[in-house]
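Engineer: I am attaching a structure below and will ask some questions about it afterwards.
The values are calculated or read from the model by the stated rules, or taken from the named source; none is laboratory data. These numbers come from a predicted model, not from an experiment. Cβ: placed from backbone, ideal geometry, glycine included. Neighbour counts: every protein chain shown.
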Amino acid sequence: MYQFDSFMSYLERKNPSEPEFIEAASEVVSSVLDWVNDNPYYIKNKILERITEPDRVVSFKVEWEDDEGNINVNRGWRVQFNNALGPYKGGLRFHSSVTEGTLKFLAFEQIFKNSLTGLPMGGGKGGSDFSPKGRSDEEIRRFCNAFMRELYRHIGPDVDVPAGDVGVGKREIGYLFGEYKRLTGRHEGVLTGKGLEYGGSPMRPEATGYGALYFAREMLQDAGMDIKDKRVALSGFGNVAWGAAKKASEMGAKVVTLSGPDGYVLDEDGVSTPEKWAYMLSLRSSNKDVVEPYAKKFGAKFFPGLKPWREKVDIAMPSAIQNELSLEDAKMLEDNGVNAVVEVSNMGLTRDAADYLVSKKVPFAPGKAANAGGVAVSGLEMSQNAGHIYWNDEEIDGKLKGIMKGIHSSCLEFGREEDGYIDYRKGANIAGFIKVADAMCALGY
Ligand code: 2IT
């Protein structure tokens, strides 16, 4: 039998100074503990020890030249956490806050997220402490080339398939893929999120945001509500928030906030026109990492240094970075009568914020369920590349809707409580875990 406290102290001893990884692992372990303890097969297989240990973590040096001719040294990583279900799969994050522990937490979350999609993908994540902020396009290209010069030897279409994440979008994937091709001479599905011209999938850029809105709509429906006319707070202004703003508007909901490290924007007219969406993309590619120019351009209000969670909204969707919504924020949202909190960023809520919402029976979806649309369409990109085929927008959108509906049903199956409340966090963790654990047991060691 596993005891929660003793298992967690074992894990903390093994992973010192990795608080985000411990936070993510403790959430999964607390959700699945009873399930595991009821199954002697899992105990005999030492499943919790095995599933919390990455297969390997590759760390490497990235040397590159900036526009002034100075040599810069960054660190790159690829965490190949678990490949029981398929090749390692997960994004690359370029951000000054990235550490090995950050990437371990993200790779760990990715295992269960990928499992929930039902597609054959294991869990991995990578990235660098390189900050794209203020960097020129040339510097980004030189960094990406240098990063791939080391990464290429660790990845492959049936081995490990990276994609984008914070700081890595279509431009970076293009440079990374170009360098992979120059180094190996192979044009194959080794990265997802590629441009449409060279093997990318339709709708991959939109998929994370669209999928999250499909999931949010299911949540509201289950609680007897309609998403139409709901007020939505989004944080961030990057690719994920962009897709979410577009789909929310299409569904008749109104997105009233965006945010950046500099503060948040309140747009009472709604982030609802093609011009505003296009502007979000140009803000992101400007590499300035500020949202205030949006307020100036569209006559919206700007609140420096504050987060959007103080606004009265029906749906809150953190879409920027981990631990961006605190206990205090969760309390404000609940006081203001929020109907649902949907993580679009990975682990967007602090642990106590998520615990608080669940204790107050506020519908709360964890990122590994709600934001799985992105990696799901990455999985579809892998299928298209492997089969040398092409699916159009309607085909991808239909599959994405089906996958998000399937994830929602899995959450209901394992998360519904006696009073009817859905604990999505518990449901997602158990449903994602079972498949990986069973595959690991079947594969032996
Ligand atoms: O967090 C995520 O799921 C992603 N960054 C997307 C990963 C992918 O392989 O598309």
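Engineer: Out of curiosity, is ARG142 surrounded by fewer than 24 Cβ atoms within 10 Å (Cβ to Cβ) and in a helix (DSSP H, G or I)?
Structural biologist: For ARG142, the condition - surrounded by fewer than 24 Cβ atoms within 10 Å (Cβ to Cβ) and in a helix (DSSP H, G or I) - is met.
Engineer: Does TYR2 satisfy the condition of being modelled with pLDDT of 95 or more, part of a loop (DSSP other than H, G, I, E, B) and of a type outside the set (D, E, K, R)? Even if it seems obvious, please write down each step before you answer.
Structural biologist: Working: modelled with pLDDT of 95 or more: yes; part of a loop (DSSP other than H, G, I, E, B): yes; of a type outside the set (D, E, K, R): yes.
Against the criterion (modelled with pLDDT of 95 or more, part of a loop (DSSP other than H, G, I, E, B) and of a type outside the set (D, E, K, R)), TYR2 qualifies.
Engineer: Still on this structure: Out of all the residues in the range 153-171, which are part of a helix (DSSP H, G or I) and under 25 Å from ASN70 (Cβ atoms)?
Structural biologist: ARG171
Engineer: Search the range 186-226 for residues being of a type in the set (D, E, K, R), in contact (Cβ under 8 Å) with a residue 60 or more places away in the chain and not in a helix (DSSP H, G or I), and hand back the single one that is nearest to TYR421 (Cα to Cα). Before you say what the answer is, go through the steps one by one.
Structural biologist: Just the residues of the range 186-226 that are of a type in the set (D, E, K, R), to begin with: 186, 188, 194, 197, 204, 206, 217-218, 222, 226.
If we keep only those that are in contact (Cβ under 8 Å) with a residue 60 or more places away in the chain too, we end up with 188, 194, 204, 218, 222.
Checking which are not in a helix (DSSP H, G or I) leaves us with 188, 194.
On the way: GLU188: 45, LYS194: 40 Å.
My answer is LYS194.
Engineer: A further question follows. Scan the range 363-392 residue by residue and report those that are closer than 18 Å to LYS307 by Cβ and of a type in the set (A, V, I, L, M, F, W, C).
Structural biologist: Residue satisfying the conditions is PHE364 alone.
Engineer: With respect to the numbered conditions (1) touching a helix residue (DSSP H, G or I) at 6+ places or on another chain (Cβ under 6 Å); (2) under 22 Å from PRO366 (Cα atoms); (3) of a type in the set (A, V, I, L, M, F, W, C), which one is the sole condition not fulfilled by VAL98?
Structural biologist: (1)
Engineer: Same structure, new question: Take VAL358 and decide whether it is without any contact (Cβ under 8 Å) to a residue 60 or more places away in the chain and surrounded by fewer than 22 Cβ atoms within 10 Å (Cβ to Cβ).
Structural biologist: Values: without any contact (Cβ under 8 Å) to a residue 60 or more places away in the chain: no; surrounded by fewer than 22 Cβ atoms within 10 Å (Cβ to Cβ): yes.
The answer is no for VAL358.
Engineer: What do you reckon, is VAL256 part of a strand (DSSP E or B) and either modelled with pLDDT of 95 or more or of a type in the set (Ser, Thr, Tyr) (or both)?
Structural biologist: On the way: part of a strand (DSSP E or B): yes; either modelled with pLDDT of 95 or more or of a type in the set (Ser, Thr, Tyr) (or both): yes.
Judged against the criteria, VAL256 is a match.
Engineer: Something else now. Please give the helices (runs of 4 or more DSSP H) falling wholly within the range 292-411 in which 1 or more residues are touching a strand residue (DSSP E or B) at 6+ places or on another chain (Cβ under 8 Å), among the hydrophobic types (A, V, I, L, M, F, W, C) and more than 20 Å from LEU234 (Cα to Cα).
Structural biologist: Of the helices (runs of 4 or more DSSP H) lying wholly inside the range 292-411, those with at least 1 residues that are touching a strand residue (DSSP E or B) at 6+ places or on another chain (Cβ under 8 Å), among the hydrophobic types (A, V, I, L, M, F, W, C) and more than 20 Å from LEU234 (Cα to Cα) span 351-359, 372-387.
Engineer: Please verify whether the range 229-239 includes one or more residues that are closer than 16 Å to VAL341 by Cα, surrounded by fewer than 23 Cβ atoms within 10 Å (Cβ to Cβ) and modelled with pLDDT of 95 or more. Break it down stepwise before answering.
Structural biologist: Narrowing the range 229-239 to residues closer than 16 Å to VAL341 by Cα: 230-236.
Remaining after also requiring surrounded by fewer than 23 Cβ atoms within 10 Å (Cβ to Cβ): 230-231.
Subset that is modelled with pLDDT of 95 or more: 230-231.
The answer is yes; a qualifying residue exists.
Engineer: Condition first: touching a Lys or Arg at 6+ places or on another chain (Cβ under 6 Å) and either within 12 Å of the ligand (Cβ to nearest atom) or among the acidic types (Asp, Glu) (or both). Now tell me which residues in the range 73-109 satisfy that. Talk me through it step by step, then tell me what you get.
Structural biologist: Keep residues of the range 73-109 that are touching a Lys or Arg at 6+ places or on another chain (Cβ under 6 Å), which gives 79-80, 90, 103, 106-107, 109.
Matches in the range 73-109: GLY90, LEU103, LEU106, ALA107, GLU109.
Engineer: Right, next: With respect to GLY169, determine if the residue is of a type outside the set (S, T, N, Q), crowded, with 23+ Cβ neighbours inside 10 Å and touching a residue at least 40 places away in the same chain (Cβ under 8 Å).
Structural biologist: So GLY169 fails the test.
Engineer: Return the pair list, or none, for Cβ contacts closer than 6 Å from residues in the range 65-85 that are of a type in the set (Gly, Ala, Ser) to residues that are surrounded by 15 or more Cβ atoms within 10 Å (Cβ to Cβ), at least 6 apart or on different chains.
Structural biologist: Going by the 6 Å Cβ cut-off, the qualifying pairs are GLY76/PHE60; GLY76/VAL62; GLY76/SER128; GLY76/PHE147; ALA84/VAL436; ALA84/ALA439; ALA84/MET440.
Engineer: Next up: Please work out which one of (1) surrounded by fewer than 21 Cβ atoms within 10 Å (Cβ to Cβ); (2) under 20 Å from the mean Cα position of the chain (by Cα); (3) not aliphatic (A, V, I, L, M) is the condition GLY427 fails and give its number.
Structural biologist: Of (1) surrounded by fewer than 21 Cβ atoms within 10 Å (Cβ to Cβ); (2) under 20 Å from the mean Cα position of the chain (by Cα); (3) not aliphatic (A, V, I, L, M), only one is false for GLY427: (1).
Engineer: Also: Take the range 82-113 and flag every residue that is among the charged types (D, E, K, R), assigned to a helix (DSSP H, G or I) and closer than 20 Å to LYS61 by Cα.
Structural biologist: GLU100, LYS104
Engineer: Any chance the range 309-316 includes a residue that's within 23 Å of VAL98 (Cα to Cα), at pLDDT 95 or above and of a type in the set (Lys, Arg)? Walk me through it before giving the result.
Structural biologist: The first filter runs over the range 309-316 and keeps only residues within 23 Å of VAL98 (Cα to Cα), leaving none.
Looking through the range 309-316, none of the residues is within 23 Å of VAL98 (Cα to Cα), at pLDDT 95 or above and of a type in the set (Lys, Arg).
Engineer: Checking ASN287 against (1) in contact with an Asp or Glu (Cβ under 7 Å, 6 or more places away or on another chain); (2) in a loop (DSSP other than H, G, I, E, B); (3) over 25 Å from GLU23 (Cα atoms), which single condition isn't satisfied?
Structural biologist: The single condition ASN287 does not satisfy is (1).
Engineer: Please give the number of the condition GLU324 fails out of (1) more than 16 Å from the ligand (Cβ to nearest atom); (2) within 28 Å of LYS228 (Cβ to Cβ); (3) out of contact with any helix residue (DSSP H, G or I) (no Cβ under 6 Å at 6 or more places or on another chain).
Structural biologist: The one condition GLU324 does not meet is (1).
Engineer: Exactly one of (1) hydrophobic (A, V, I, L, M, F, W, C); (2) within 16 Å of the ligand (Cβ to nearest atom); (3) over 20 Å from LEU220 (Cβ atoms); (4) not in a loop (DSSP other than H, G, I, E, B) is unmet by TRP277. Its number?
Structural biologist: Failed condition: (2).
Engineer: Is it the case, given these coordinates, that GLY174 is away from the ligand (no atom under 15 Å from the Cβ) and either part of a helix (DSSP H, G or I) or within 22 Å of the chain's Cα centre (by Cα) (or both)? Before the answer, list the steps.
Structural biologist: Numbers: away from the ligand (no atom under 15 Å from the Cβ): yes; either part of a helix (DSSP H, G or I) or within 22 Å of the chain's Cα centre (by Cα) (or both): yes.
Against the criterion (away from the ligand (no atom under 15 Å from the Cβ) and either part of a helix (DSSP H, G or I) or within 22 Å of the chain's Cα centre (by Cα) (or both)), GLY174 qualifies.
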